[in-house]
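What follows is a single structure, written as structure tokens, with notes after it.
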Amino acid sequence: MKKIAEDVHLLDGFPPNAINVYLIGDVLLDAGTRLAKNRVLRELKGRTVTAHALTHAHPDHQGASKAVCEALNIPLWCGEKDKLAMETGDLTSVLPDNWNTRLQNMLWTGAGHPVARVLREGDTVAGFTIIDAPGHSPGQVAYWRESDRLLILGDVLNGMNLLTGVTGLHEPPKLFTVDPALNRDSARKLAKLKPDLVCFGHGRPWRDGEAFVRFVEGLAK
């Protein structure tokens, strides 16, 4: 587990930064695929974890959620429009229907689990303010800490090319995005915050805030 900012840690993964899981304060943020259960629990051993929150309910973010919540006896929180998918384990409403997402559903999706708290814009989680950021999924939320201008944005943008693993800013593939135009609007909304450090669901932490803003400003309208 690597400290990337005060009270923010990035769990180890393989390949590194391919599917990111964070610990913000005492809240686990995202949980990888269902294959990540043992790794996540091993890295959390000896640490105080009081809740588990999601950026969004896609298979590579909620896969181990049920297992982790049950193992640690902690509540699960997520955005309102992803709540039903998370609770039922049926993610068809938050994913496009294509061969790739169907394969991910078979291999990565975790079982449903009750959502104890619905996250809405303006709520606070471990010192971060919740910001609605729909598009990639209907209920995706971002986490913003103004004190050090740190943004954790799930899959509003990716910090790597998902095919090659090369670092760089990218919009998430349309194959996995319910509403690409709305997701682009969410990216513009977040760029207005002018973050100094951006943390993604996929890709290493990005410390060039100005480049992040320029990239978003260059997206077609």
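Can you name the residue in segment 163-195 that is among the polar types (S, T, N, Q) and more than 25 Å from GLU121 (Cα to Cα) and is also nearest to the chain's Cα centre (by Cα) among such residues?
Ranking the candidates gives THR167 first.
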Selection within segment 153-179 - charged (D, E, K, R) and in a loop (DSSP other than H, G, I, E, B): ASP155, GLU171, ASP179
Residue match in segment 39-50 (condition: within 19 Å of ARG145 (Cα to Cα) and among the small types (Gly, Ala, Ser)): no
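Return yes when LYS66 is touching a His at 6+ places or on another chain (Cβ under 6 Å) and touching a residue at least 40 places away in the same chain (Cβ under 8 Å) and no when it is not.
When the stated conditions are applied, LYS66 passes them.
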Within segment 83-103, considering residues that are surrounded by 17 or more Cβ atoms within 10 Å (Cβ to Cβ) and in contact with a Leu (Cβ under 8 Å, 6 or more places away or on another chain), the one farthest from ILE152 (Cα to Cα): THR101
Selected residue (criterion: nearest to GLY154 (Cα to Cα)) from residues of segment 27-45 that are hydrophobic (A, V, I, L, M, F, W, C) and surrounded by fewer than 18 Cβ atoms within 10 Å (Cβ to Cβ): LEU35
Output for segment 1-58, where each listed residue is without any contact (Cβ under 8 Å) to a residue 60 or more places away in the chain, in contact with a helix residue (DSSP H, G or I) (Cβ under 7 Å, 6 or more places away or on another chain) and of a type in the set (D, E, K, R): ASP12, LYS37
THR101 of a type in the set (Ser, Thr, Tyr), modelled with pLDDT under 95 and more than 15 Å from the chain's Cα centre (by Cα): yes
Residue count, segment 129-157 (criterion: in contact (Cβ under 8 Å) with a residue 60 or more places away in the chain, of a type in the set (S, T, N, Q) and closer than 17 Å to TYR22 by Cβ): 1
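Out of everything in segment 135-152 that is assigned to a loop (DSSP other than H, G, I, E, B) and more than 12 Å from the chain's Cα centre (by Cα), what residue ends up being surrounded by the fewest Cβ atoms within 10 Å (Cβ to Cβ)?
My answer is SER147.
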Selection within segment 201-220 - under 19 Å from the mean Cα position of the chain (by Cα) and free of Cβ contacts under 8 Å to residues at least 12 places away in the same chain: ARG207
Search result, residues across segment 183-201 that are in contact with a Leu (Cβ under 6 Å, 6 or more places away or on another chain) and in a loop (DSSP other than H, G, I, E, B): PRO195
Subset tally (residues that are part of a loop (DSSP other than H, G, I, E, B), within 15 Å of the chain's Cα centre (by Cα) and buried (at least 16 other Cβ atoms within 10 Å of the Cβ)) for segment 1-26: 6
Filtered residues of segment 35-74 (kept if out of contact with any strand residue (DSSP E or B) (no Cβ under 8 Å at 6 or more places or on another chain), in a loop (DSSP other than H, G, I, E, B) and closer than 21 Å to PRO15 by Cα): HIS58, GLY63, ALA64
Residue, farthest from ILE19 (Cα to Cα), within segment 93-128, restricted to residues that are without any contact (Cβ under 8 Å) to a residue 12 or more places away in the chain and in a helix (DSSP H, G or I): TRP99
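The values are calculated or read from the model by the stated rules, or taken from the named source; none is laboratory data. All values derive from a computational prediction rather than experimental measurement. Using ideal geometry, Cβ is built from the backbone for each residue, glycine included, and neighbour counts are taken over all protein chains shown.
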